[in-house]
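Here's the structure, in structure tokens; my notes come after.
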Amino acid sequence: MSFYTRKQYMADPCHSADGDRKAAAAAAHRRYYAQLVNARTIAYVVSIIGADKLRASTDEHLNDIPLRKWDNLTSGLPLATSFANLEDYATLGGLVCVAKEAAHQWIEANK
């Protein structure tokens, strides 16, 4: 399996000053963190945050759900692969990004 590594993610043209960076950066961010999400990740996030809270969120980054909820779920977060496979390492911020990507996937599948 070929992974989109941290080095590739950081070298992505979306991080340059050219063009519409917001959309490109969002796509690169999702591509990178989506590699770490599987059905178990999604189920875990939904079980901790709650389907009703995820459906009720009106913030594109899910920031209307308290950060402490995201932080607290990271210790048991099941990953589809390890950060090491992406030539990276897990941080609290990175794990929150994985959890939010899992939440976005669930929301999109349950509209």
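Quick rundown of the values:
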{"item": "Rounded to the nearest 10 Å², the accessible area of LEU92 at probe 1.4 Å", "result": "90 Å²"}
{"item": "DSSP H segments from the chain that extend 24 Å or more along their own axis, Cα-based, with Kyte-Doolittle mean of 0.5 or above", "result": "92-109"}
{"item": "Two-decimal ratio, the chain, of alpha-carbon radius of gyration to 2.2 N^0.38 Å", "result": "1.07"}
{"item": "Accessible area in square angstrom per residue, the chain, 1.4 angstrom probe", "result": "59 Å²"}
{"item": "Label-point separation in nm, ASP12 to ALA39, each point 7 Å along Cα→Cβ", "result": "2.7 nm"}
{"item": "Average Cα contact separation per residue, the chain, under 8 Å, 6 or more apart, as relative contact order %", "result": "37 percent"}
{"item": "ASP59-ARG30 pseudo-label distance in nm [points 7 Å out on the Cα-to-Cβ vector]", "result": "1.9 nm"}
{"item": "Percent accessible area from carbon and sulfur atoms, the chain, protein chains only, probe 1.4 Å", "result": "53 percent"}
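The values are calculated or read from the model by the stated rules, or taken from the named source; none is laboratory data. Only a predicted model underlies this, so the values are computations on that prediction, with no experimental measurement involved. With ideal geometry, Cβ positions are generated from the backbone for all residues, glycine too; neighbour counts draw on all protein chains shown. The accessibility values were calculated without ligands, DNA or RNA, using every heavy atom of the protein model including side chains. Shrake-Rupley method; radii C 1.70, N 1.55, O 1.52, S 1.80 Å.
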